[in-house]
Amino acid sequence: MRKAMAFLVMAGVLAAAPAMASGKGSIRVDVNSDTAVAGQKLPAGTYTISWKSEGEATKVVFKSGRTKIEAQAKLEQRESASAYDAVVSRGANGSKAVAEVRVEGKKDVLVF
C-alpha cells in the first residue's frame, strides 16, 4: 500500500513539473530596433530576458550591460509552441512598445 501511495505522489509531482517550470526562465534575444517597455526606452541590442511568476503576476527583467528594466507581464498559453525566441513590439510613428516575449519551443507567452 505504501509503495502504491508513494508512486501516486511521485506521479503527481512529475506531472506538475512542466507547469511549474514554465513559471520562470530566461532567454537571450536581439532587439533589432528601439522600443519601449513599462514606459521606459529599450534601446536596440542583445538582452537577457528573465521572468518569474508569482500568482497571477509575472516579473520580467530586460538586461543588457548597464541597462536593466523591470516590468510586469501576464503569462498566457497559446495553442502552438513558438518556432523561435522573439520580442514582439507593436505601434507606429516612434511609439513602438513590447507587446509579447515568445520562447522557442514553448506555448507560454509573456504578454505586456
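Remarks
- Scanning the range 82-108 for residues that are surrounded by 14 or more Cβ atoms within 10 Å (Cβ to Cβ), modelled with pLDDT of 95 or more and either of a type in the set (Asp, Glu) or over 14 Å from residue 30 (Cα atoms) (or both) yields 82, 85, 97, 99, 100, 106, 107.
- Boolean, residue 33 is loosely packed, with under 12 Cβ neighbours inside 10 Å, modelled with pLDDT of 90 or more and part of a loop (DSSP other than H, G, I, E, B): yes
- Here residue 57 meets the list (1) exposed (fewer than 15 other Cβ atoms within 10 Å of the Cβ); (2) modelled with pLDDT of 95 or more; (3) over 12 Å from residue 87 (Cβ atoms); (4) under 16 Å from the mean Cα position of the chain (by Cα) almost entirely, failing just condition (2).
- Pairs linking a residue in the range 38-50 that is touching a residue at least 12 places away in the same chain (Cβ under 8 Å) to a residue that is among the basic types (Lys, Arg), with Cβ atoms under 6 Å and 6 or more positions apart or on different chains, are 48/28; 48/63.
- Output for the range 60-112, where each listed residue is among the acidic types (Asp, Glu) and closer than 12 Å to residue 42 by Cα: 70
The values are calculated or read from the model by the stated rules, or taken from the named source; none is laboratory data. The structure displayed is predicted, hence computed values, not measured ones. Glycine gets a Cβ as well: all are built from the backbone with ideal geometry, and neighbour counts include every protein chain shown.
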